[in-house]
Every structure is written in C-alpha cells, then in structure tokens.
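**Q** Dropping the structure in here first, questions after.
Only the coordinates and a few stated rules stand behind these numbers; no lab work does. Bear in mind that the values here come from a model prediction, so they are computed numbers and not experimental data. Note that we place each Cβ from the backbone using ideal geometry, even for glycine, and neighbour counts take in every protein chain shown.
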Amino acid sequence: MKRVRTTATAVIAAAALLLAGCGGSDGESDSKTFEFWSFANINQKADVDVYTKAHPDVRVKLTEVGSTTETAQALTAALAGGKVPDLVLIQADDLPKFMQSPDNFVDLTTLGANDIKGNYLDWVMAQSTTKDGKIIGVPTDVGGLAVAYRTDLFKAAGLPTDRDEVAKLWPTWDEFINVGKQYVQKTGKPFVDNTPTSVFFQAVNQGSQRYYSADRKLDYDNEQVKAAFDVTLKAFDAGISAKQGSFSSGWTAAMKKGDYAVVCSPSWMLSQMKTNAPETNGKWDIATIPGGSGNWGGSFLAIPKRAKNAKAAWNYISEMQSPKGQLDHFLMQGSLPTTPSVYTDPQLVGKTDPFFSNAPIGKIYTQSVLGIKPFYFGPQDGPIGTEFLNTLTSVEQGKVNPANAWDTALTNVKNAVRE
Amino acid sequence: MTTMLGPAPVPPDVRRPARNRRIQQGVREFLAPYAYISPFFVLFLIFGLFPLLFTFYISLFDWDPIGEHRFVGLDNFSELLDDPRFWGALRNTFSIWVLSTVPQLLLALGLAHLLNHARLRLAALFRMSVLVPYVTSVAATTIVFAQMFDRDYGMINWFLGLLGFEHIDFTASLWGSHIMIATMIAWRWTGYNTLLYLAALQAVPRELYEAAAADGANGWKQFLHISIPSLRPIIAFTVVTSTIGGLQVFTEPLLVNPVGGLTCGAARQCQTVTLYLYEQSFGQFHFGYGAAVGVALFVIVVAFSGLNYLLATRIRSERP
C-alpha cells in the first residue's frame, strides 16, 4: 500500500507543478471593478485616482505593463489566448496592427461612441475607425510638433532668442537648414541633434499622405515621402547635424552639455528632455515647427472583446476622455488633448512651462495639430518608418552614399514589407 | 513472472486474488521510477518539446497571432533563403561568436593556470572574484559597456583621443559593434569558464608539477605539457556550450544600440539571428516567418553541435 501512495504522490506533485502555472483565479468580476493596462511613465495613475475619487465605489486595477511596444506585445499575447484586460491603452503606431483584426475588440459604437465621436479631431478619430464604421478606440492625446531650442546658444550665435522671431526664421525646412548653416558658421558646433528623427520623422508627418494611398493600398514610393527624404539629405549635406541618434546615450549626454542647439520635439518628448537634462532647466524655449501642421504619436483607449466588464471600462472612457477630462489631464500632465473644443480654453492657452522659458506649450502645440489632413495609417507603417529612418541614419554614419540613399531605402522597405 | 507459477493444489478462487496482487505489485514496481522522474519529462514535454514542434508547425503558415492563419507550405523558407537580412544576421552571429569565444577560452585557460598556482596568496578571494561579472545582470553590463564605447563621450574614445587617434564610431561600424558585443560576452563568461578549468586542474596531482619543476620545466612548459593535456575533456565541454550559447546571443545586441529599434543599428550591423527572429515575431507580428527563422537556427545549432562533438571526441581521445 505504501508504494501506491508514494507513486501517487509523485504523480500528484507533477500535476500540481503544472497546474500552478495554469491556475490563476478569475478574481472578482463585479460590475464595479475593471482592469486597465497602460504604458509606464505616462502617469495614467493620476487619471485613475481622479476617477476613483469621484466614484468611490469603483475599483480600477491599473497595470503599467512597460514601454508602448511591450504593452502592445502583452496585449497581442492576451488576445491570442490569455486573460485580457477590460481597458487597454494603445499607442498610435501600434494601433494599425490591431485595426487589421477589429473583431478582437468591442465596437464602441455599441456603447455610445457615435454620440461622442464629434468631440475629437476628425483625422485622429479616422485612425481608430474601420472602413465599415466600427470604432475601436477613443483617442486620449495627440503628439503635436514644435522645435525646442537653446536660447543661450542662439544668443551666442547672434540669432534672435524670442520665440516668435525664431519661428519667423524658419517657415519652411529649407529656411531651417539656412539658419542651421549660420549657426554652424558662427559657433563651429552642430546645430540640430540629428536629421533622421528631427527632420524626416517630422516632415513625413506633415503631408496629406504617408506610406499608404487614400484607398488604403501600400504606396510608400510617392512624392511626399520623397520630398521629406530629400530635405533630410539636404539638411545632412549642409553639415548642421550632431549625428546623435535620438534616445541614444550620446544624444542624452550631448543634450546635457549643449552640444546641439535644436531638437524637433513632439509634445510627448518634452517630459523626456526634462528627465534627461535637468541641468538645462530654463535654457530652452519652444518655437513652431517648419513646414506647417503635423502630428507624431498619440494614444487610444480600447476595450477587448472578451473583457469581463466592458460597461465599467466604457464609463471610465466617456468620463475621463471628455473634453473636460482631457483638459484636466493636460493641465496636470502635459499630454495634448484631442478635443479641439478646449483648444481656446483660457486655462490651456495660458499654460506655460518654466523648463522651456515659460513658453505657452498649450497654445503652440495645439496650433500644430489644427488643419491636418487625415491620411491612412496602415499595418506596415511601423516597419516602413523604421527602414526609412535607418537608411537616413546610415547616411549620417557615412555607411550609405546620399546619392544612393533613396534607392537603398526603397530596397530595404521592400524587404521589410515582404512584397 | 506469472507464467512461472506451476500447477498448484490451491483452488482457483483463492489463487486468483493472490496472483492479481502480485501482478499489481509488479506493475507498481515497474512504474514507480518513471513516476519519480516524470515531473521533468512532463514539464519538458509542455515547455520544451511542444513549443518546438509547434514552431515547426507555424513556420508553414502566414501566422498573425490575433488574425488569420494562412497555410503557405514552404514559402517562408524559400523567402528566408532570399532574405539578405537573414544572411546578414547569420554572418553577424558567427562573427560575434568567433570574436568572443576564442579569446575568452584562451584567457580562461591562462587565468585558471595562474589561479591554480601553489604559491598563490589569497587564492579563495581571486577565485571568487573572477565570477563577479557572471553574477552581474546582463542588462546592467550592456548599458555600462555601451556608454564606454560611445562615439563622443565614451571612455575608450576619450583614451584614444588622448593618444592622438581619431574617435571610432563603434556602434555604427560592422567590426566595431561586433568587437563591442564580443567584449561584453567575454567579460561575462571568462570567469565562469576559468572556474570550470580550475576545478579540472585541481584534480591533477601536484606531484606532476613538482616533478616537472625538478626536471627544469618552467611555468610555460608546465602549462603546455601538464595543464592543457589534463584539461582536454573539459575544454571540449566548454567549446560545445559556448558554441550553443554563442549562436543564441540576444540581450547584448538588443540593448546595446537603441537607435533603430530591434535591428541593432541602422544597417543591421550587429543584429543576430535570435534578435532577427524576435524582430519578425514580436516586433512585426510575422509569427510564421519568425518561426521559420527559428527552425533555421535550430538546424544550424544541431549541425554545429554535431560537428563540435566530433571534434571534441577527437580532442578528448588524443593522447598527451
């Protein structure tokens, strides 16, 4: 008998080991609790706190998964066959991949999205609306474009420092390049952090078409992309680049040391600059971007189809992403609202930032997202953008001849989209 | 064993339960050892063998994890053969492997010989400290090394500048980035291999060294004619393990060059096969194609392990 028991014990132990991995309780699924996955470092917790204070009976289980990419990866794994959250934040660059399979998400028009969709910028709303009118996500913020520049370095180079005068220097990218040349001539130091991110990724987001045509077909070899590419090569050729790849360790170090005077900075980059180079506090200012309105980035809130508590998640969306909710979030956190009705609100217009010489960031950035023409974001936008950026970076590193750069880029993109 | 029972005077209705009991016990005795070792095999089945076979399966599909799964046969593999990014990644992997493994094992041999020296003071301290890089987190090591190798603000280029040399853009160049990553790998694994060699050396009788010394052999001669021959089996072992590890280098190229995302540099100059697999699967959600990369890597690792094994058995069996 004893042997039977030990044999059984061994088998049970093996089984228990396995089950421990698969178990996991379902948790409470009452109508007042919901689970929310967000990225780290954008402080959604502040929003959640505001919401739970107003609704003390609601419990929000907030998980900061990691970077925007990691959050999208975790969501993919969950949708493919795991426990899904009730509410999830998706970055604009990751959204097109999910828009390919809209059946994984609740069509928000069934919960009342049609009543509120008019509150948001139409070209942002278009990104999360399927061809047949399903709404997958509600936009939480956009990434308006502007230029951050060092007033002390501009002064030393004999350039104006007032943000309106600086803006007048560069209505177009060509004039921006000329200002850069003057700066380099005067100081002998590079002007802009790099050209692939600070010129190409801005300029390519200012057109009326990017890598897809209006009828949602792949079309990256077009005039607008080529123009953005060429102006980037021109900026490189002018010798104004510090060749510090954005977000690299050299980029951060050079920012601290003032080894470049200009960064083209979408609204979400401002907080990174403050974290990276706190010692440059007050030395920066913000001017409008050359080339007109444009957007890079932004995020959306979506509800997975298998969510246990879609209703509670929707209540949260409709309250926190109302124009008033987005305005409050902007005043607290600085991410740019997607609801144009608050763009003239005195609180938004009056919002300044001491790190950037008290520049009216609300006013400057909201102006950059008005008048944008909607273009289609396709599922391959991410890899295509990376290949263009990488080719231009190779040019800066001296590994690709500028004369062949466009052809090299097209070849690389072709490989990446596996045509 | 029941057939051994001859005819007996016991009536059948009494005999049967006894016989059954004996059979049961036999079965139990037969099964018990398998039950005891089952946890490993059950876990291996679920977390090792199943994913392996499933990878083979999805490599035949155009597999979107949250969308459709379209059967494409061997298309992924024929595409792979035409894909310059895959061949580039393979070249990078082998180059980084050679650059890291060869100096690493040679250095470990030398260190082990020194640490085994009879007159070494504070031997325990030195022997422990070679393992410190191994217990440091890979991510931390990578970030620190990336800063040291930085083009404008790194320590190495500062030093080169002092000596009057031009700055080298390590991360941007092919060889520079390979050397950089190989250095990180060698830094991490040299100590570990040193300890393996040292353990083997300690089993060598001291008298051999003493006799050699009495015969007038210097340190170098002792190393060459006593240490190396006695280490043959363990050298073979370390060569095989560092080959398998070296072909799967991932964290260092992932973290060393944040520009360009998962490509390890703008020209994919240090993207390894595992990083390419990760980029395809989890960066772009091409799970089928990523799985095909995985299968290719599997074949390569198996082939190289086999080759290594043949080589290693020859090294082991050669007489000193």
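**Q** In whole Å, what are the Cα extents of the protein assembly as shown along the three principal axes, biggest one first?
**A** For the protein assembly as shown, the Cα extents along the three principal axes come out at 108, 83, 49 Å.
**Q** List the longest stretch of chain B that has no exposed loop site; here a site is one of the chymotrypsin sites (Phe, Trp or Tyr not before Pro) assigned by DSSP to anything other than H, G, I, E or B, with at most 15 other Cβ within 10 Å.
**A** The segment B:1-164 is the longest one with no such site.
**Q** May I ask for the percentage of alpha-carbon pairs in the range A:117-245 that lie more than 17 Å from each other?
**A** I get 66 percent for the Cα pairs in the range A:117-245 exceeding 17 Å.
**Q** Quick one: angle between helix A:173-187 and the longest Cα principal axis of chain A, in degrees between 0 and 90, rounded to 10, please.
**A** 70 degrees
**Q** Restricting the calculation to Cα positions, tell me the Rg (one decimal) and the Dmax (whole number) of the range B:15-75 in Å.
**A** Considering the range B:15-75 through its Cα atoms, Rg and Dmax are 21.8, 66 Å.
**Q** At a Förster radius of 30 Å, what calculated FRET efficiency corresponds to the Cβ-Cβ distance of A:Lys363 and A:Glu223, to the nearest 0.05?
**A** 0.40
**Q** On C-alpha positions alone, give me the angle between the axis of helix B:12-44 and the longest principal axis of chain B, in degrees, nearest 10.
**A** 10 degrees
**Q** Then there is this: Put one equal scatterer on each alpha carbon of the range A:280-374, apply the Debye formula with no solvent term, and list log10 I(q)/I(0) at q = 0.11 1/Å to two decimals.
**A** -0.41
**Q** Taking 0.36 nm per residue of sequence separation and subtracting the Cα-Cα distance, how much length would be gained by fully extending the chain between A:Arg59 and A:Ala40, in nm to one decimal?
**A** The span from A:Arg59 to A:Ala40 would gain 4.9 nm if fully extended.
**Q** Just to confirm a number: summing +1 for Lys and Arg and -1 for Asp and Glu over residues other than A:Asn194 whose beta-carbon lies under 9 angstrom from that of A:Asn194, what do you get?
**A** -1
**Q** Can you divide the C-alpha Rg of chain B by 2.2 N^0.38 Å and report the result to two decimal places?
**A** 1.41
**Q** Determine the relative contact order of the range B:76-317: mean sequence separation of Cα pairs under 8 Å and six or more apart, normalised by residue count, in whole percent.
**A** Once divided by the residue count of the range B:76-317, the mean separation gives 27 percent.
**Q** To make sure I understand, if each residue's beta carbon is the centre and we count other beta carbons within 10 Å, what order do A:His55, A:His329 fall in, fewest to most?
**A** Ordered from fewest to most neighbouring Cβ atoms within 10 Å, A:His55, A:His329 come out as A:His55, A:His329.
**Q** How much length is gained if the chain between B:Glu210 and B:Glu68 is pulled fully straight, taking 0.36 nm per residue apart and subtracting their Cα-Cα distance, in nm to one decimal?
**A** So the chain would gain 44.0 nm between B:Glu210 and B:Glu68.
**Q** Okay, moving on. Given a Förster distance of 60 angstrom, what is the FRET efficiency for B:Ser78 paired with B:Ala124, based on the Cβ-Cβ distance and rounded to 0.05?
**A** According to the calculation, E is roughly 0.55.
**Q** Counting other beta carbons within 10 Å of each Cβ, put A:Asp215, A:Asp103, B:Asp150 in order, fewest first.
**A** Least to most surrounded, the residues fall as A:Asp215, A:Asp103, B:Asp150.
**Q** Tell me the label-point distance for the pair A:Leu370, B:Thr241, using the 7 Å Cα-to-Cβ offset, in nm and rounded to one decimal.
**A** It is 6.7 nm.
**Q** Oh, and also: So if I average 1/r over every pair of distinct C-alpha atoms in chain A and take the inverse, what Kirkwood radius in Å does that give?
**A** Its Kirkwood hydrodynamic radius stands at 23.2 Å.
**Q** Which of the trypsin sites (Lys or Arg not before Pro) across the range A:323-419 are loop residues per DSSP, with 16 or fewer other Cβ within 10 Å?
**A** A:Arg418
**Q** Distance check, please: which entries in A:Lys305/A:Lys363; A:Lys234/A:Lys351; A:Lys117/A:Lys305; A:Lys243/A:Lys283; A:Lys243/A:Lys274; A:Lys186/A:Lys243 exceed 28 angstrom between their Cα atoms?
**A** A:Lys305/A:Lys363; A:Lys234/A:Lys351
**Q** Relative to the first principal axis of the alpha-carbon coordinates of chain B, what is the inclination of helix B:174-202, with its axis defined by its Cα atoms, in degrees from 0 to 90 and to the nearest 10?
**A** So the helix axis and the longest Cα principal axis differ by about 50 degrees.
**Q** Can you give me the relative contact order of chain A as a percent, contacts being Cα pairs under 8 Å and 6 or more apart?
**A** Worked out over chain A, it gives 24 percent.
**Q** Gap in Å between the Cα centre of the range B:281-307 and the Cα centre of the range A:220-295?
**A** If we compute the Cα centre of each part, the gap is 38 Å.
**Q** B:Leu162 to A:Lys189: FRET efficiency via 1/(1 + (r/R0)^6), r the Cβ-Cβ distance, R0 35 Å, to the nearest 0.05?
**A** 0.95
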